[in-house]
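Okay, structure first, notes after.
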Amino acid sequence: RHAAGPAAESPAEVARPATGARPASGGVRVNIDARRPAGWLSDYRLFKDLRRQTPNDDVVPYRLNSPQFVDDAQARHYVYLPPSASAVYHDSEVFDFPVGSVLVQSLFYPKDLNDPAAGERTVETRLLIHQNKGWVAVPYLWNEDGSDARRVVVGGKTDVRWRDDDGNLRELAF
């Protein structure tokens, strides 16, 4: 069963487009009974433009109201709720998200903190997927050209370089 859209193909059945573009038709895909998460971030169709992280119409960006630190990376957050579903707020507990919801955190480094036009490098996107069996955390590491991100079981290292506020070159194995 799926929270939205047609049945998702298994990672072995999906040919990876060279551009990392999502398929032309269909909305977000979340298999709420999957034994194994999708092999590629693009398989979920969370973004209209994966490289620029332009969310699909059913995916909403949000900002956290508390600071976080993840190895000097900056983060973008998104949430997807299945059609006609809503999250329930409890004043003394966490939000109650329906099965089929996906929370997204994308971690990136601006190439130059003093020059936003220099662009950025997205290194990892983390999904929290609410399946029938509960919440499943899935990390995806981005390829070098930024066209897509592959699911990783064991963490990897990505070398990142950027210029800090003082113009100094910083390097890090993320």
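Just to check your reading of the model, which residue among Ser101, Ser92 is surrounded by fewer than 16 Cβ atoms within 10 Å (Cβ to Cβ) and either small (Gly, Ala, Ser) or in contact with a His (Cβ under 7 Å, 6 or more places away or on another chain) (or both)? First the steps, then the outcome.
Values: Ser101 fails: surrounded by fewer than 16 Cβ atoms within 10 Å (Cβ to Cβ).
Unique residue meeting the criteria: Ser92.
Look through segment 69-80, keep the residues that are assigned to a loop (DSSP other than H, G, I, E, B) and in contact with a strand residue (DSSP E or B) (Cβ under 8 Å, 6 or more places away or on another chain), and return whichever of them is surrounded by the fewest Cβ atoms within 10 Å (Cβ to Cβ).
Of segment 69-80, the ones assigned to a loop (DSSP other than H, G, I, E, B) are 69, 71-72.
If we keep only those that are in contact with a strand residue (DSSP E or B) (Cβ under 8 Å, 6 or more places away or on another chain) as well, we get 71-72.
Working: Asp71: 12, Asp72: 14.
Among those residues, the one meeting the criterion is Asp71.
Looking at Ser86, Ser66 in this structure, which one is farther than 28 Å from Arg163 by Cα, hydroxyl-bearing (Ser, Thr, Tyr) and open to solvent by 20 Å² or more (accessible area, probe 1.4 Å)? Walk me through it before giving the result.
Numbers: Ser66 fails: farther than 28 Å from Arg163 by Cα.
Result of the check over Ser86, Ser66: Ser86.
Can you tell me which condition Arg126 does not meet? The list is (1) open to solvent by 20 Å² or more (accessible area, probe 1.4 Å); (2) within 21 Å of Lys48 (Cβ to Cβ); (3) not in a strand (DSSP E or B), and all the others hold.
Failing condition for Arg126: (3).
With (1) closer than 18 Å to Pro37 by Cα; (2) outside any loop (DSSP other than H, G, I, E, B); (3) without any contact (Cβ under 8 Å) to a residue 60 or more places away in the chain; (4) not aromatic (Phe, Trp, Tyr) as the list, and Val153 as the residue in question, which single condition is left unmet?
(2)
Looking only at segment 96-116, decide whether some residue is without any contact (Cβ under 8 Å) to a residue 12 or more places away in the chain, among the acidic types (Asp, Glu) and under 21 Å from Gln53 (Cβ atoms).
Going residue by residue through segment 96-116, those that are without any contact (Cβ under 8 Å) to a residue 12 or more places away in the chain are 96, 116.
Now restrict to residues that are among the acidic types (Asp, Glu): 96.
Within this subset, residues satisfying the condition of being under 21 Å from Gln53 (Cβ atoms) are none.
Checked segment 96-116: no residue is without any contact (Cβ under 8 Å) to a residue 12 or more places away in the chain, among the acidic types (Asp, Glu) and under 21 Å from Gln53 (Cβ atoms).
Only residues that are over 20 Å from Trp142 (Cβ atoms), touching a residue at least 40 places away in the same chain (Cβ under 8 Å) and not charged (D, E, K, R): list them for segment 47-70, please.
Result: no residue meets the conditions.
The values are calculated or read from the model by the stated rules, or taken from the named source; none is laboratory data. Quick caveat, the model's predicted, so the values are computed rather than measured. Using ideal geometry, Cβ is built from the backbone for each residue, glycine included, and neighbour counts are taken over all protein chains shown. When the accessible area is computed, the model is the full protein with side chains, heavy atoms only, and any ligands, DNA or RNA have been set aside. Shrake-Rupley method; radii C 1.70, N 1.55, O 1.52, S 1.80 Å.
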